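Down below is the structure, laid out as structure tokens.
The values are calculated or read from the model by the stated rules, or taken from the named source; none is laboratory data. Note that the coordinates shown come from a computational prediction; the quantities given were computed from them, not determined experimentally. So basically every Cβ, Gly included, is an ideal-geometry build from the backbone, and we count neighbours across all protein chains shown.
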Amino acid sequence: MRIRPDFGPGLNRLAAAYGRLGFSNEAVATIRRAIELEPKIAEHRSILGHVLLGMGVDGAAAAAFKQAIALDPGEPKAHAGLAELARRGGRYDEALSEIDLALADDRLDRRQRETLQATRAAVLAEKTKASDLEARAAAGTASAADMAALAEILAARGEWERAALLLESTAPQGPAREPLAYYLFRAGRFREAHEAYASLAQGSSRPDLEINNGAALARLGSDPQAIEAFDRALTIDANADRALLYRANALLRLGKPDEAAAAYKRFLEVKPDGESAEQVRRILAQLTPPAGAGQP
């Protein structure tokens, strides 16, 4: 007998592989198909939760993990996912409790158990460090390095605005300026992020600074200026794939489909594989219909 292509566990593993490769849409579609086939299997919902967690859709991820635990109270992947959500919220004791619940499951193999134990140690270390740094900050005894370290922890938890505020108050210039620019961008403060990246890019030979500058300008709706930034990045590195992709996207938004198509093709020459490449091929299929299409 042949194994069916819609075999639930096979779809489960395929979805996990898609997730690791960054193929988020394919991962979600695949694991939802597994859930349709086997709605009572808790692990399928755990995999969905982890895919959504990787996409930053925390609320939907939490719902998927809770659905998995409703089906199987000991499901370790679901408890591990809830632990990560708790860590992101700074709820370290809750995160440790969830990891302990996952570790209590005797279905774990050696590698899974070691991974969870390492995660637990990292969460405990972060809890201790965050508590110490928060106490110093509250007492007014924190150094600039302390504030930068605390900001890094907050950023790792997705608290971008708090991270930016910490660095703004202690180190608006110098080495901390680059993390600050990134935190400002992630906090949605695109004007300030653009100004920071533009300043960092002056006299620099790093194309990524101009790429990030262009990304901030694009989020401000300033696509012509964004293209200029991407062009500056490409003069430093003609094969900077992010600059090529973002430049093509900006051209498309400006209503220049022919120029955008040429730019997308150039991107594919540099980066033919990956989720972005597949998305670009779909865009190109819309921009450049097959020869003879529409002919009588």
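General remarks:
- When we screen 204, 169 for residues that are among the polar types (S, T, N, Q) and over 29 Å from residue 91 (Cα atoms), the only hit is 204.
- Selection status of residue 269, free of Cβ contacts under 8 Å to residues at least 60 places away in the same chain, surrounded by fewer than 17 Cβ atoms within 10 Å (Cβ to Cβ) and either among the aromatic types (Phe, Trp, Tyr) or part of a helix (DSSP H, G or I) (or both): yes
- Residue within the range 236-254 that is without any contact (Cβ under 8 Å) to a residue 12 or more places away in the chain and either more than 26 Å from the chain's Cα centre (by Cα) or surrounded by 14 or more Cβ atoms within 10 Å (Cβ to Cβ) (or both) present: no
- Residue, nearest to the chain's Cα centre (by Cα), within the range 86-97, restricted to residues that are surrounded by fewer than 20 Cβ atoms within 10 Å (Cβ to Cβ) and assigned to a helix (DSSP H, G or I): 88
- Of residues in the range 98-137 being within 19 Å of residue 157 (Cα to Cα) and loosely packed, with under 13 Cβ neighbours inside 10 Å, the one nearest to the chain's Cα centre (by Cα): 122
- Residue list for the range 44-92, restricted to those being within 21 Å of residue 104 (Cβ to Cβ) and among the charged types (D, E, K, R): 45, 66, 72, 75, 77, 84, 87, 91
- Meets criteria (at pLDDT 95 or above and among the acidic types (Asp, Glu)) for residue 126: yes
- Residue list for the range 54-70, restricted to those being at pLDDT below 90 and under 11 Å from residue 81 (Cβ atoms): 54
- Selection from the range 179-225 of residues that are without any contact (Cβ under 8 Å) to a residue 24 or more places away in the chain and charged (D, E, K, R): 192, 195
- Among the residues making up the range 88-123, those that are closer than 17 Å to residue 74 by Cα and among the aliphatic types (A, V, I, L, M) are 95, 96, 99, 101, 102, 103, 104, 108, 116.
- Hey, residue 211 of a type in the set (Val, Ile, Thr), surrounded by 19 or more Cβ atoms within 10 Å (Cβ to Cβ) and either assigned to a loop (DSSP other than H, G, I, E, B) or more than 22 Å from the chain's Cα centre (by Cα) (or both) or not: no
- Of 176, 155, all but one fail to be at pLDDT 90 or above and in a helix (DSSP H, G or I); the exception is 155.
- Every condition in (1) surrounded by fewer than 17 Cβ atoms within 10 Å (Cβ to Cβ); (2) more than 24 Å from the chain's Cα centre (by Cα) holds for residue 263 except the one numbered (1).
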